[in-house]
Amino acid sequence: MAWDPITRIVGNLGIYTKIDFANRLVTECHSTSSLFRGYSVFMKGKDPRDAGFITSRICGICGDNHTTCSDYAQQMAYGIKPPPLAENVVNLGEAAEYIFDHTIFQDNLVFVDYCEAMVKDTNPGVLAAAERTEAPRANVHGFRTIADIMRAFNPFEGSVYKEALKVSRVTREMFCLMEGRHVHPSTLYPGGVGTQPTPTLYTDYLSRLLGVLDFVKKSVAMNDDVFDFWYEALPGYEEVGRRRVLLGCWGAWQDYNACDYRYASMNEWGKAMYVTPSVIVDGEVVTNNLIDINLGLRILLGSSYYDDWVGEEPFVTHDPLGNPVDMRHPWNQTTVPVPGKRDFADKYSWVMSPRWLDPKSGEHLALDTGGGAFARMYAVALNGMVNTDYIRSDGRSVRISLPRSDQLPEMTLEWTIPQWSNAIERNRARAYFVAYAAAMAVQFVNDGLELVRAGDTRIFTDFEVPDEAIGCGFHEAVRGVLSHHLVIKDGKIANYHPYPPTPWNGSPRDTYGTPGPYEDAVQDMPIFEENGQDDFRGVDIMRAVRSFDPCLPCGVHMYLGNGKKIDKVHAPMWGAASHG
């Protein structure tokens, strides 16, 4: 059975499965992407200063994450550090983006799979149990039963579904106060920002933030009630979307007191981030050193439609510290598209296979991001390095303190490292990270006001583009790891490769036959849907895939080839004659 395209996301993702209905098991899964785009191709020869504006257009959902990451890479290449107030503006903008994007995805897209209308169609027995089950956290969110929460998530009609849309408007306003325009920022540049913060700007931002905190607190309580119930109602459901704990997190929100963007000190300022970068394997931190993370990146081809580039001249042989750089590192990658017929025994996707080479095991790890939030919460909890006025991590959990809001008192939420890396825990972590981002936003408002009151109102650092340089930026897009890799020669871009989360999560089988995370999470997964083969919806499969927050634009790229002419036919108004 196939789902192509997967709905509720940008429509280039296809999931192809084989299902054993007798044993209620998915026996095989392939993840495909049907579109190719070529940012790495048409970035060559461009002015490096334009990179943030161009790469923002990779995605109409998290374009600001690309601009931010591109600026990070450029600042390393130019040898500059933005002023503290500029970093504060960027951090506030990115915090608003996390709250906005995670909320609209969780409450308007993911929860459609768990709403009353869907569960009534696929698991009427579960809905009947939900009607009888009182919600343990009703005192926070106000819904008496689990079924009442499910009804609130019914699309277009449910109260929470509609409230989430209002929250998305307010949080976009917060974003635009800092970054000018959503989702392609107009005020973010390498070296600083074009937004001049004032006490009024911070007040406008904070008033909106405080206005959504009731919703944020209620969301965590509703998510916990529904997902705890799900485990009880369907024993064994922890296996849906479950895979080995193989998580990547590249860190988020720079500490301007620590970050100077020098490659040589990247380990130190990386660990000072307000989300700790990490590679996590089987519940243990393999590394939290951004230099090691960078050097371990490998782009494998395997089942993707490309020719290899390893026989070409490398762009970068050694990093600034003298460490050798592999030919399969993004700094050295050349994109050579070779379209072909889909063949699950050979090539079947336009997404390449990013992997991280574990120096101890020699294994090319198919890391996933857990939809972004799961890997970030896991990394912060496990490292225990983030301790601010509002966030406390201790090696096993993250405690999030939120101030008093309109209806609810000051509240401390605790996310504890779960037993599984599965669909439910990826979704649960998303609600907690919205709370995390809201707490950090309060922190950043306080920090910014302190800078302004102290008279430090600089927002830009001048620079010149060097003739030759390399840079790398590490950031967290909403749905997970994001890195930009830049090579400058003769003052122009010689090579540029962005690696967002979806190529990691949605990759096909690699050169070694290792399936990508979507494939791995679905393959060998039990199905709990009550419908038989003739009426099968595949809701468990969709829950598993959507838990990763798929967003295909950044996984695929556009290419015309040489000499192909495209004629456009355009009617200036309805009913007018068209001329080619």
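The values are calculated or read from the model by the stated rules, or taken from the named source; none is laboratory data. As the structure is a computational prediction, the values presented were derived from the model and not from experiment. Every residue, glycine as well, gets a Cβ built from its backbone with ideal geometry; the counts of neighbours run over all protein chains shown. These accessible areas exclude ligands, DNA and RNA; they are computed on the full protein's heavy atoms, side chains included. Shrake-Rupley method; radii C 1.70, N 1.55, O 1.52, S 1.80 Å.
Within the set of pairs 6 or more residues apart or between chains, which connect a residue that is surrounded by fewer than 17 Cβ atoms within 10 Å (Cβ to Cβ) inside the range 226-248 to a residue that is modelled with pLDDT of 95 or more and among the aromatic types (Phe, Trp, Tyr) with Cβ atoms less than 7 Å apart?
Matching pairs, first to second residue: Tyr231/Tyr237.
When the residues of the range 5-34 are narrowed to those that are surrounded by fewer than 17 Cβ atoms within 10 Å (Cβ to Cβ) and in contact (Cβ under 8 Å) with a residue 60 or more places away in the chain, which ends up nearest to Arg546 (Cα to Cα)?
For the range 5-34, the residue satisfying everything is Arg8.
Go through the range 180-201 and count every residue that is over 21 Å from Asp462 (Cβ atoms), outside any loop (DSSP other than H, G, I, E, B) and either touching a Pro at 6+ places or on another chain (Cβ under 9 Å) or free of Cβ contacts under 8 Å to residues at least 60 places away in the same chain (or both).
Going through the range 180-201 one residue at a time, the tally reaches 2.
Within the set of pairs 6 or more residues apart or between chains, which connect a residue that is without any contact (Cβ under 8 Å) to a residue 40 or more places away in the chain and more than 14 Å from Asn223 (Cα to Cα) inside the range 130-157 to a residue that is acidic (Asp, Glu) and part of a helix (DSSP H, G or I) with Cβ atoms less than 8 Å apart?
Hits for this filter: Asn154/Glu116.
Could you tell me whether any residue of the range 290-310 is within 23 Å of Gly395 (Cβ to Cβ) and either of a type in the set (Phe, Trp, Tyr) or open to solvent by 20 Å² or more (accessible area, probe 1.4 Å) (or both)?
yes
Looking at Arg208, Arg169, Arg181, which is the one that is over 22 Å from the mean Cα position of the chain (by Cα), open to solvent by 60 Å² or more (accessible area, probe 1.4 Å) and either within 23 Å of Gly60 (Cβ to Cβ) or modelled with pLDDT under 95 (or both)?
From the options Arg208, Arg169, Arg181, the qualifying one is Arg208.
How many residues, within the range 492-551, are within 30 Å of Gly471 (Cβ to Cβ), out of contact with any strand residue (DSSP E or B) (no Cβ under 8 Å at 6 or more places or on another chain) and surrounded by fewer than 23 Cβ atoms within 10 Å (Cβ to Cβ)?
So the count comes out to 1.
Going by the structure shown, is Arg428 open to solvent by 20 Å² or more (accessible area, probe 1.4 Å) and out of contact with any Lys or Arg (no Cβ under 7 Å at 6 or more places or on another chain)?
In short, yes.
Conditions first: (1) surrounded by 16 or more Cβ atoms within 10 Å (Cβ to Cβ); (2) under 19 Å from Gly241 (Cβ atoms); (3) of a type in the set (Ser, Thr, Tyr). Thr68 passes all but one, so which condition is the exception?
If we test Thr68 against (1) surrounded by 16 or more Cβ atoms within 10 Å (Cβ to Cβ); (2) under 19 Å from Gly241 (Cβ atoms); (3) of a type in the set (Ser, Thr, Tyr), just (2) comes out false.
Please determine whether any residue of the range 39-48 is among the small types (Gly, Ala, Ser) and crowded, with 17+ Cβ neighbours inside 10 Å.
Yes: the range 39-48 contains one or more residues that are among the small types (Gly, Ala, Ser) and crowded, with 17+ Cβ neighbours inside 10 Å.
Among the residues of the range 340-398, which ones are closer than 28 Å to Ile104 by Cα, in contact (Cβ under 8 Å) with a residue 60 or more places away in the chain and part of a helix (DSSP H, G or I)?
Within the range 340-398, Ala373, Phe374, Ala375, Arg376, Tyr378, Ala379, Val380, Leu382 qualify.
In the range 1-39, what count of residues is obtained for those that are assigned to a loop (DSSP other than H, G, I, E, B), of a type outside the set (A, V, I, L, M) and touching a strand residue (DSSP E or B) at 6+ places or on another chain (Cβ under 9 Å)?
Counting residues in the range 1-39 that are assigned to a loop (DSSP other than H, G, I, E, B), of a type outside the set (A, V, I, L, M) and touching a strand residue (DSSP E or B) at 6+ places or on another chain (Cβ under 9 Å) gives 8.
State which residue pairs qualify: first residue open to solvent by 10 Å² or more (accessible area, probe 1.4 Å) and inside the range 265-282, second residue at pLDDT below 95 in any location, beta carbons under 6 Å apart, and separation of 6 or more residues or different chains.
From residues that are open to solvent by 10 Å² or more (accessible area, probe 1.4 Å), there are no pairs.
Could we say that Asn257 is open to solvent by 20 Å² or more (accessible area, probe 1.4 Å), more than 24 Å from the chain's Cα centre (by Cα) and under 27 Å from Ala373 (Cα atoms) here?
For Asn257, the condition - open to solvent by 20 Å² or more (accessible area, probe 1.4 Å), more than 24 Å from the chain's Cα centre (by Cα) and under 27 Å from Ala373 (Cα atoms) - is met.
Confirm whether Tyr78 is of a type in the set (Ser, Thr, Tyr), modelled with pLDDT of 95 or more, buried (at least 21 other Cβ atoms within 10 Å of the Cβ) and touching an Asp or Glu at 6+ places or on another chain (Cβ under 9 Å).
Yes, satisfied.
If Arg404 passes every condition in (1) open to solvent by less than 10 Å² (accessible area, probe 1.4 Å); (2) charged (D, E, K, R); (3) more than 30 Å from Tyr237 (Cα to Cα) but one, which one does it miss?
Going through the list (1) open to solvent by less than 10 Å² (accessible area, probe 1.4 Å); (2) charged (D, E, K, R); (3) more than 30 Å from Tyr237 (Cα to Cα), Arg404 breaks only (1).
State all residues of the range 303-333 that are within 19 Å of Tyr496 (Cβ to Cβ), touching a residue at least 40 places away in the same chain (Cβ under 8 Å) and assigned to a loop (DSSP other than H, G, I, E, B); if no residue qualifies, say none.
Phe315, Val316, Asp319, Pro320, His329, Gln333
Checking the structure you have, find out if any residue of the range 51-74 is modelled with pLDDT of 95 or more and more than 24 Å from the chain's Cα centre (by Cα).
no
Could you check how many residues of the range 505-541 are part of a helix (DSSP H, G or I) and modelled with pLDDT of 95 or more?
Result for the range 505-541: 10.
Considering every residue within the range 446-458, establish whether at least one is more than 25 Å from the chain's Cα centre (by Cα) and open to solvent by less than 10 Å² (accessible area, probe 1.4 Å).
yes
Could you grab the pairs with beta carbons closer than 8 Å, sequence gap of 6+ or different chains, first residue in the range 466-495 and in contact (Cβ under 8 Å) with a residue 60 or more places away in the chain, second one charged (D, E, K, R) and in a strand (DSSP E or B)?
Here the result reads Gly480/Asp368; Leu482/Glu476, each pair linking the range 466-495 to a residue that is charged (D, E, K, R) and in a strand (DSSP E or B).
Residues being among the aromatic types (Phe, Trp, Tyr), within 17 Å of the chain's Cα centre (by Cα) and part of a strand (DSSP E or B): count how many of those fall in the range 415-444.
Residues flagged as among the aromatic types (Phe, Trp, Tyr), within 17 Å of the chain's Cα centre (by Cα) and part of a strand (DSSP E or B) within the range 415-444 amount to 0.
Could you list all residues from the range 50-62 that are touching a Gly at 6+ places or on another chain (Cβ under 9 Å) and open to solvent by 10 Å² or more (accessible area, probe 1.4 Å)?
If the condition is that a residue be touching a Gly at 6+ places or on another chain (Cβ under 9 Å) and open to solvent by 10 Å² or more (accessible area, probe 1.4 Å), then Arg57 is the only one that fits.
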